[in-house]
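The values are calculated or read from the model by the stated rules, or taken from the named source; none is laboratory data. For clarity, every value in this text was computed on a predicted model and none was experimentally measured. FYI the Cβ positions are ideal-geometry reconstructions off the backbone, even for glycines, and counts take in every protein chain you see.
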Amino acid sequence: MQTESNQEWDRVWAGANIATMVAAQEPYGKLAGASLAVKGERIAWIGASEEARRRAATLGIPVEECRGRWMTPGLIDCHTHLVYGGNRVEEFEKRLCGVSYEEIARAGGGIQSTVAATRAATLDALVASAEVRAKRLMSEGVTTLEVKSGYGLDLATERLMLEAARRLGRALPLSVTTTYLGLHALPQEFRERRDEFVREVSGPWLEALAAAGLVDAVDAFCENIAFTLTETETFLRAAQNLGLRAHVHAGQLSDMGAAELAARYRALSADHLEYLSEQGARALGQAGTVAVLLPGAYFTLRQTTPPPVPMLRQAGVPLAVATDSNPGTSPCTSLLLALNMACTLFGLTPEEALAGATRQAARALGLHREVGTLEVGKRADFVLWDIERPAELAYALGANPLAGVVHRGKSRSA
Ligand code: DI6
Ligand code: FE
């Protein structure tokens, strides 16, 4: 048991180029040759290195010399389906022989095959396989991770998935948030009973999972191969009545007006958005709903219509970037690769991409008061990088310049 000290600082990191990612005049919110002091789990002070070293010496506390390395906020992957059974490598092979994602989905493959594998898995197995993927994300500086359910499609398995996500957060030096993706696909056993499925999901299932403390937010896949606008609204309304915030898979394959619906329900985020009208973009901007861009899925599906980034910018919509890590459409466990793709495929600037995996990703999870920027009072989650310029984080393909990670004030071995 540690005794609580009255000192205002526990430890100092000195001589870093800090990309605070605070929205400011200076690109990346840069502070050159700066220092950051930590007290417990929080950032206690940010300022000039000379003063930091002087005060650290007086206090007799350790100083980590960063030698001009870049420091950024811990990365946040705000959209993943990290917990699931099996994999979909056979589907990958099929798609390469010309079968489309929609055709596979309509033929009962795709999501349904992952549902079968997830239902057959134990809690331990789900945690073990997700842990491997989580560690890959963490090795590139991820300190906060959102995990969705949605491959159980029955109450017991959805609960198991959310419990696996919670366990992951307890087992690893990583902050995990859970999302009940109630409407992801229609399970076989409800094939002739769509309405009943939507009622179950929006009623007793949601209530049970929320009461168990397993639901930080909800999500629905609003799409022509998944759920209609009306069905999605039923679920969003039920969540709203329980005081839960929402994400919506919107406009991935077609524009069904899901962005407008997300905005109407003050959703935290609308995700994908390859197909989006100007009206949809304006609605998101007015609601403060974050657009979460998922270039890994766009790339995997070999889509050709990117999200209308200039229109989103024009409408003042915050842009986040995430991996969408899932076995079907984005078997991606590299957030840095997603940053590169957000630039190369979608035209984000490297600064927008990095903000998308820090400040804006925090906003997409409703955690912007806690994480996402380096500011006094926020959680001490940060990464040190061996780079000359922060744009390198989006520039390289397959590089990992990580030099150290601190999560909740504690160094972790990547
Ligand atoms: N959109 C996606 O890209 C994933 N889910 C969703 O709503 C696909 C999930 C899968 O194919 O397993
Ligand atoms: Fe997704």
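Sub-8 Å Cβ pairs linking a first residue in segment 313-330 that is closer than 14 Å to Lys148 by Cα to a second residue that is basic (Lys, Arg) and modelled with pLDDT of 95 or more, at least 6 apart or interchain, are Ser325/Arg133, ordered by first then second residue.
Which of (1) buried (at least 22 other Cβ atoms within 10 Å of the Cβ); (2) within 11 Å of ligand 1 (Cβ to nearest atom); (3) on the phi < 0 side of the Ramachandran plot does Ala267 not meet, given it meets every other one? Condition not satisfied by Ala267: (2).
Assessment of segment 322-330 against the conditions (within 14 Å of the chain's Cα centre (by Cα) and away from ligand 1 (no atom under 15 Å from the Cβ)) yields no matching residue. If you filter segment 87-146 down to residues that are on the phi > 0 side of the Ramachandran plot and crowded, with 20+ Cβ neighbours inside 10 Å, you find that the one that is nearest to the chain's Cα centre (by Cα) is Gly141. Residues that are more than 24 Å from His184 (Cα to Cα) and out of contact with any Lys or Arg (no Cβ under 6 Å at 6 or more places or on another chain) occur at least once in segment 315-324. The strands (runs of 3 or more DSSP E) falling completely within segment 186-274 that include 2 or more residues that are at pLDDT 95 or above and over 25 Å from Thr304 (Cβ atoms) map to 217-222, 245-250. Condition test on Leu337, is it under 28 Å from Ile387 (Cβ atoms), in contact with a His (Cβ under 7 Å, 6 or more places away or on another chain) and either touching a residue at least 12 places away in the same chain (Cβ under 8 Å) or within 15 Å of ligand 1 (Cβ to nearest atom) (or both)? So Leu337 does not fit the description; no. Here Ser413 passes the criteria (1) more than 18 Å from Asn17 (Cα to Cα); (2) modelled with pLDDT of 95 or more except the one numbered (2). Number of residues in segment 284-303 that are surrounded by fewer than 18 Cβ atoms within 10 Å (Cβ to Cβ) and within 12 Å of ligand 2 (Cβ to nearest atom) equals 0.
Listed here are the strands (runs of 3 or more DSSP E) enclosed by segment 1-111 that have at least 3 residues being more than 16 Å from ligand 2 (Cβ to nearest atom) and either within 30 Å of Ser269 (Cβ to Cβ) or in contact (Cβ under 8 Å) with a residue 60 or more places away in the chain (or both): 11-19, 30-39, 42-48, 70-73. Note on segment 230-254: residues that are within 15 Å of ligand 1 (Cβ to nearest atom), surrounded by fewer than 24 Cβ atoms within 10 Å (Cβ to Cβ) and without any contact (Cβ under 8 Å) to a residue 40 or more places away in the chain total 1. Can you find a residue that is modelled with pLDDT under 95 and either surrounded by fewer than 24 Cβ atoms within 10 Å (Cβ to Cβ) or of a type in the set (A, V, I, L, M, F, W, C) (or both) anywhere in segment 304-327? Scanning segment 304-327, I find no residue that is modelled with pLDDT under 95 and either surrounded by fewer than 24 Cβ atoms within 10 Å (Cβ to Cβ) or of a type in the set (A, V, I, L, M, F, W, C) (or both), so the answer is no. Tallying residues that are in a helix (DSSP H, G or I) and either within 14 Å of ligand 2 (Cβ to nearest atom) or under 16 Å from Leu75 (Cβ atoms) (or both) within segment 308-343 yields 9.
A quick yes/no check of all residues on (1) among the small types (Gly, Ala, Ser); (2) within 22 Å of Ala246 (Cα to Cα):
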{"site": "Asp271", "(1), (2)": "no, yes"}
{"site": "Glu274", "(1), (2)": "no, yes"}
{"site": "Leu284", "(1), (2)": "no, yes"}
{"site": "Arg302", "(1), (2)": "no, no"}
{"site": "Pro307", "(1), (2)": "no, yes"}
{"site": "Ala315", "(1), (2)": "yes, yes"}
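Of the conditions (1) closer than 30 Å to Val198 by Cβ; (2) buried (at least 24 other Cβ atoms within 10 Å of the Cβ); (3) in contact with a strand residue (DSSP E or B) (Cβ under 8 Å, 6 or more places away or on another chain), Arg166 clears all except one; give me its number. So Arg166 meets the others, but not (2).
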